Amino acid sequence: MADRLCLLAVHAHPDDEASKGAGTIARYHAEGVHTVLVTATGGEEGEILNPTLDTPEVRARLAAIRRRELEKAAAVIGYDEVVLLGYRDSGMADTAANADPRSFAQAPLAEAVGRLVAAIRRTRPQVIVTYPDEQSRYRHPDHLRVHEISLAAFDAAGDPGAFPLAGRPFQPAKLYYTVWSLELTMRRHEKFLELGIESPYAEWFEDGWPNRMSELAPTARIDVAGYYDARRGGLLAHATQIDPSSPFWFGLPEEVDRQLYAADAYICARNLVGPIGEEDDLFAGIREKVTASGG
């Protein structure tokens, strides 16, 4: 067990860290937890969704711009460290970008796992947050690869025989999947309808997404009331990637949206601590041990 509380989140592209679990990171950072962001790719294939920035000049420097946006967003959210795995954005399946040998999708699996293992062993997080394999609404190759390498790295990080050059072995205690909260999404959808605004979630409910999500019921809900600004600010820091007029992110009046952003949802996928029921703290079963060790 490490002598400080540490959470490491693994994401695919710049902006993913803002759209998934930003309030959780802000809360734990405020509580003194060391927070680490691992970003697998540079997001070079991301569309420029803010029309005011869709210019040839921006496109020519997109990789560098998205790097700066990531640094800004991480600071707004409350990440103490940003680790870049160094891969190129793979784009979607069956595209030229996906076949690029520099892409995350084409990287040898052992190589990518080794890079993540090195980050885990150096920072020594008790908790890792990553993606589930259920990504039916957005099956981006990089998101699927993040899931794959995170599970492998969780197991390998504590194995003295695995990746001997990646640092001293360290075994994380818990791994969580960050998931969309069906309850919160339903509340947002209903609020759009109540206010007479077209809901950007309508298609989700029409194509059976709630039924799929009902099979992925969260085992942990983290209270993020009071951390709305971290999420909103993190999103807006990605000026090329997030349209400030997007109905999906900003379609509700801010004062309403602030009230609805109450919790982030997670599923515990690995737990080496012991039996734990529904959680309101990703460090449940861990805090006591770290405190006892003097951390």
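Observations
- For the chain, the Cβ-based charge dipole about the Cα centre amounts to some 1080 debye (Lys, Arg positive; Asp, Glu negative; other atoms uncharged).
- Span from the region 225-245 Cα centroid across to the region 35-56 one, whole angstrom: 13
- Over the chain: Rg over Rh, Cα atoms, Kirkwood Rh: 0.96
- In this structure the amide hydrogen of V82, modeled in the peptide plane, comes within under 5 Å of the amide hydrogens of L37, none closer than 5 places in sequence on its chain.
- Placing +1 on the Cβ of every Lys and Arg and -1 on the Cβ of every Asp and Glu, with nothing else charged, gives region 69-130 a dipole about its Cα centre of roughly 300 debye.
- Hydrodynamic radius of region 139-295 by the Kirkwood approach over all distinct alpha-carbon pairs: 18.5 Å.
- Under 13 Å from K20, Cα to Cα: aspartates and glutamates that are on another chain or at least 8 residues apart: D264
- Highest-MSF residue in the chain out of A30, A112, A22 [GNM, Cα springs under 10 Å]: A30
- Each of the peptides 58-71, 184-197, 117-130 was scored by the mean count of other Cβ atoms within 10 Å over its residues; in descending order, highest first, they stand as 117-130, 58-71, 184-197.
- Projecting the Cα atoms of L260, V290, P210 onto the dipole axis of region 145-295, where Lys and Arg carry +1 and Asp and Glu carry -1 at the beta carbon, places V290 farthest toward the positive end.
- Across region 106-111, computed HN-Hα scalar couplings (Karplus, 6.51 cos²θ - 1.76 cosθ + 1.60, θ = phi - 60°) run 8, 5, x, 4, 4, 5 Hz from first to last residue, x flagging Gly and Pro.
- Potential lengthening between R187 and R102 on full extension [0.36 nm per residue; Cα-Cα distance subtracted]: 26.5 nm
- Estimated D of region 1-131 in µm² per second, where Rh is the Kirkwood radius over Cα pairs and Stokes-Einstein applies at 10 °C, 1.306 mPa s: 102
- Karplus (6.51, -1.76, 1.60) ³J(HN,Hα), θ = phi - 60°, over region 66-81, in Hz, Gly and Pro reported as x: 5, 5, 5, 4, 4, 4, 5, 5, 4, 5, 5, 6, x, 7, 7, 9
- Sequence-ordered 3J(HN,Hα) estimates for region 277-283 from the Karplus curve with 6.51, -1.76 and 1.60 and θ = phi - 60° stand at x, 4, 10, 10, 8, 5, 9 Hz, glycine and proline given as x.
Every read-out reported here was derived from the displayed coordinates using simple, explicitly stated rules and does not represent laboratory data. Being a predicted model, the structure only gives us computed values, none of them experimental. For neighbour counting, all protein chains shown are included, and Cβ atoms are generated from backbone atoms with ideal geometry for every residue, glycine included.
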